[in-house]
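See below for the structure under consideration.
The values are calculated or read from the model by the stated rules, or taken from the named source; none is laboratory data. Fair warning: this is a prediction, and the values are worked out from it, not measured in the lab. When we count neighbours, we look across all protein chains shown, and the Cβ atoms used for this are built from the backbone with ideal geometry, even at glycine.
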């Protein structure tokens, strides 16, 4: 696997407190749109950095806010502990909005994409940050009571695994019905796959039970994602 080639930058929460983020720049930054990339429960690790690099290679300014403030996990128990200690509402209102504000100073349009825990945070951000121009969720959603579908004004794309043991597909069906009831602009795709099917590290003896990388579905989901961002973020 290639090493990430971006850099850590200093950011400000909306309350003025500092935090860090990983910034990947495209070859040509002038006129490029930007995307906030939200981590899985592991934290700001090399895998999520490579996702930002992927977007930079496609012409986007990509920023991963460090929601755990320097901490990350390599085992499931530690990741669960870090996620349990994260205030999702505060993360959206402070760090994620701070990342959006940072990118707004450099780009005319800003999207967001998140994976697993980051998918849930992306859904919450779509409800709470109207300045976003597009949102993509990879297999993650908060409890539906926290999704105020009427506030989602930007186009939304979702990728879901029908064999997901962590986010059951019935929940996705209910979310889809909730979005449809308010006339939201959304597009959902379902894949015959397990949770984390787009994470290339979810393979081998060290993977969590119930997760499995699938390169075929990962490629299709990314193709759809890049087409979606190309349609919604480029002037």
Every listed condition ((1) in contact with a helix residue (DSSP H, G or I) (Cβ under 9 Å, 6 or more places away or on another chain); (2) over 15 Å from residue 112 (Cβ atoms); (3) at pLDDT 95 or above) holds for residue 6 save (3)
Report whether or not residue 179 is assigned to a helix (DSSP H, G or I) and under 21 Å from residue 83 (Cα atoms).
no
Task: Any chance residue 107 is farther than 26 Å from residue 211 by Cβ and touching a helix residue (DSSP H, G or I) at 6+ places or on another chain (Cβ under 9 Å) - done: yes
Of the residues in segment 150-182, those that are over 18 Å from the mean Cα position of the chain (by Cα) and closer than 18 Å to residue 92 by Cα come to 150, 151
Over segment 121-140, the set of residues surrounded by 24 or more Cβ atoms within 10 Å (Cβ to Cβ) and either out of contact with any strand residue (DSSP E or B) (no Cβ under 6 Å at 6 or more places or on another chain) or at pLDDT below 95 (or both) is 140
Looking across segment 192-215 at residues that are more than 20 Å from residue 39 (Cβ to Cβ) and at pLDDT below 90, the single one that is farthest from the chain's Cα centre (by Cα) is 205
The residue that is modelled with the lowest pLDDT, considering only those in segment 26-44 that are closer than 23 Å to residue 230 by Cβ and part of a loop (DSSP other than H, G, I, E, B), is 29
When every residue in segment 142-170 that is without any contact (Cβ under 8 Å) to a residue 40 or more places away in the chain, farther than 14 Å from residue 124 by Cβ and in contact with a helix residue (DSSP H, G or I) (Cβ under 7 Å, 6 or more places away or on another chain) is compared, the one surrounded by the most Cβ atoms within 10 Å (Cβ to Cβ) is 160
Practice task
Using the structure shown, decide if residue 220 is in contact with a helix residue (DSSP H, G or I) (Cβ under 8 Å, 6 or more places away or on another chain) and either surrounded by fewer than 20 Cβ atoms within 10 Å (Cβ to Cβ) or not in a loop (DSSP other than H, G, I, E, B) (or both).
Solution key: no
When every residue in segment 33-70 that is touching a strand residue (DSSP E or B) at 6+ places or on another chain (Cβ under 7 Å) and over 21 Å from residue 97 (Cβ atoms) is compared, the one surrounded by the fewest Cβ atoms within 10 Å (Cβ to Cβ) is 45
By my count, helices (runs of 4 or more DSSP H) wholly in segment 45-144 with at least 3 residues that are under 15 Å from the mean Cα position of the chain (by Cα) are 46-57, 97-104, 117-128
Practice prompt. Would you confirm whether any residue within segment 13-25 is without any contact (Cβ under 8 Å) to a residue 40 or more places away in the chain, in a loop (DSSP other than H, G, I, E, B) and under 26 Å from residue 227 (Cβ atoms)?
Written response: yes
Exercise for the section: Report yes if residue 221 is over 16 Å from residue 117 (Cα atoms) and touching a residue at least 60 places away in the same chain (Cβ under 8 Å), otherwise no. Expected result: yes
Selection from segment 26-41 of residues under 19 Å from the mean Cα position of the chain (by Cα) and free of Cβ contacts under 8 Å to residues at least 40 places away in the same chain yields 26
